[in-house]
Amino acid sequence: MLSTGELERYKRQILLFGEDGQERLKKATIFIAGAGGLGSPISLYLAAAGVGRLIIVDNDDVDLTNLNRQILHGDSSVGERKTDSAARRLRDLNADIEIVPIDRWMDEESIGELILGADGIVDAMDNFPTRYLLNKAAHKEEIPFFHGGIRGFYGQATTVVPGKTACFACIFPHTPPEEVIPVVGVTAGFIGMVQANEVIKYLLGTGELLTNRLLLWDGMRSEVDTIPIDKNPDCPVCGGEADS
């Protein structure tokens, strides 16, 4: 049940999807991989919306070079563990939800334990090996996977529902060369909000998800396109099990 304070806090969105919808958000657990450029807007907007439990995993310190895009953190957080800084900011934003910060490296051994109980896995990473790891774990545990990626003024996002859609490895079968990714903060903000929006729609069971579609953001032209995605029958993760 929603408290009196929660009914007041979420009044404007309860007008959209009712108390039942707000209770769905309250009961949900979302796993966010990364507390950086994408993880910042994702976690802030999911916390503000009242998603009841956010698990945030990162294994890094806040650096001055992060602050052009990682809006969870500020000058006073430099040198602090990102999970500590993120938890403090999110608890200040919404004391009614549970924040679970985990300062730990994600690998084959730890990922199963880390995502335990999650209703969704959000990719807020900046490297493909970890994304492949998350996609594989999402498929194994049949948990929706919300991908986002950014580079400069450009970004992309898609939603994967295991067993029903093409998976991340279907879309990106090869790892691109490793690089230091240039990025402007507004790109992370835009794509992160798209991902948060996808999570909220999924939890509410409303709207049309970015399944079997890849959203492409061109910040230089202020244009958004979506392109269709096909499952790969030879995919090493899902084996093309997804329905068209």
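At a glance:
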| item | result |
| --- | --- |
| Residue list for the stretch 153-191, filter: in contact with a Pro (Cβ under 8 Å, 6 or more places away or on another chain), without any contact (Cβ under 8 Å) to a residue 60 or more places away in the chain and outside any loop (DSSP other than H, G, I, E, B) | T159, V160 |
| Hits in the stretch 48-81 (condition: under 16 Å from the mean Cα position of the chain (by Cα) and buried (at least 24 other Cβ atoms within 10 Å of the Cβ)) | V51, L54, I56, V57, D58, Q70, L72 |
| Residue selected from the stretch 137-152 under the condition hydrophobic (A, V, I, L, M, F, W, C) and either without any contact (Cβ under 8 Å) to a residue 40 or more places away in the chain or more than 18 Å from G37 (Cα to Cα) (or both), by the criterion surrounded by the most Cβ atoms within 10 Å (Cβ to Cβ) | A138 |
| Leading residue by the ranking (surrounded by the most Cβ atoms within 10 Å (Cβ to Cβ)) among those in the stretch 159-202 that are polar (S, T, N, Q) and farther than 15 Å from H139 by Cα | Q195 |
| Condition met for I56 (free of Cβ contacts under 8 Å to residues at least 60 places away in the same chain and of a type outside the set (D, E)) | yes |
| Selection from the stretch 1-15 of residues that are in contact (Cβ under 8 Å) with a residue 40 or more places away in the chain, in a helix (DSSP H, G or I) and surrounded by fewer than 17 Cβ atoms within 10 Å (Cβ to Cβ) | G5 |
| Where a residue in the stretch 27-51 is farther than 11 Å from I97 by Cβ and its partner, wherever it lies, is part of a helix (DSSP H, G or I) and of a type in the set (F, W, Y), with Cβ under 9 Å and at least six apart | P41/F190 |
| Odd one out for D234, checked against (1) assigned to a loop (DSSP other than H, G, I, E, B); (2) surrounded by fewer than 14 Cβ atoms within 10 Å (Cβ to Cβ); (3) at pLDDT 95 or above | (3) |
| Subset of the stretch 94-129 that is part of a helix (DSSP H, G or I) and more than 16 Å from the chain's Cα centre (by Cα) - its residue that is surrounded by the fewest Cβ atoms within 10 Å (Cβ to Cβ) | E113 |
| Tally, over the stretch 206-223, of residues that are within 19 Å of the chain's Cα centre (by Cα) and either surrounded by 12 or more Cβ atoms within 10 Å (Cβ to Cβ) or touching a residue at least 40 places away in the same chain (Cβ under 8 Å) (or both) | 10 |
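The values are calculated or read from the model by the stated rules, or taken from the named source; none is laboratory data. All values derive from a computational prediction rather than experimental measurement. Neighbour counts run over all protein chains shown; Cβ positions are idealised from the backbone, glycine included.
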